Amino acid sequence: MSHAPVSRPQLWVLRHGETEWSKSGQYTGLTDLPLTVDGEHQAAAARQTLENVDFDLVLTSPLRRARRTAELAGYPDAVVEPRAHEWDYGDYEGISSDLIRKDNPDYLIWTHGVPNGESLDQVAARADGIIERVLTSGADNVLLVAHGHFLRVLTARWLRLAAADGRHFILGTGKVCTLGWDKKTPAVLSWGL
């Protein structure tokens, strides 16, 4: 990603609220699960964190858990961004990493990937495309409602780090983070509010 930004927007990211699979630790990629009752409460609570921000653009993953989170957070007209879906976990969809580690104790999605799913490079390319959209949008504040692994990769790429460095950014359900700038350097302004 070598593009110099036209402006220096802040990118606010919101992970969707809890689902049954996020609660149990199962990989939830393209399976279109609804929010749990607690997940709906988390999404509604995010509204308080975001309510004083004037967003020029609000984007959401096409998956219903993200769209519902956007709606409950106060953005029912969020624009669907097709590239913002969660990592396609392939054969590991619906399986927990703990179960995978029973057969492969050293397993980490960040280094081992997923069979018959997306590669980390493919996830990073989608994140880079969204970052490019944000940087060239002319917006001051953009909100993206999406998914845990995807937003962790996007954060690493915002910071111009390798996608695998997303492993260092833990992001709970219903949490808000702000990506922005320290003068001309991409930076994390807040994490996990």
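Summary table below
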| quantity | calculated |
| --- | --- |
| Tally, over the range 36-46, of residues that are over 16 Å from the mean Cα position of the chain (by Cα) and closer than 12 Å to Ser22 by Cβ | 2 |
| Residue list for the range 15-48, restricted to those being surrounded by 15 or more Cβ atoms within 10 Å (Cβ to Cβ), touching a Lys or Arg at 6+ places or on another chain (Cβ under 9 Å) and part of a helix (DSSP H, G or I) | Ser22, Gly39, Glu40, Gln42, Ala43, Ala46 |
| Count of the range 53-105 residues which are more than 22 Å from Asn141 (Cβ to Cβ), in contact with a His (Cβ under 6 Å, 6 or more places away or on another chain) and part of a helix (DSSP H, G or I) | 1 |
| Subset of the range 100-132 [loosely packed, with under 14 Cβ neighbours inside 10 Å and of a type in the set (Val, Ile, Thr)] | Thr111 |
| Output for the range 162-182, where each listed residue is of a type in the set (A, V, I, L, M) and touching a residue at least 40 places away in the same chain (Cβ under 8 Å) | Ala163, Ala164, Leu171, Val176, Leu179 |
| The range 56-99: number of residues that are surrounded by fewer than 18 Cβ atoms within 10 Å (Cβ to Cβ) and of a type in the set (A, V, I, L, M, F, W, C) | 4 |
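FYI, it's all coordinate maths here, none of it is from the lab. In this text the structure is predicted, and so the values were computed from the model without any measurement. Reconstructed Cβ throughout: ideal geometry from the backbone, glycine too, with neighbour counts over all protein chains shown.
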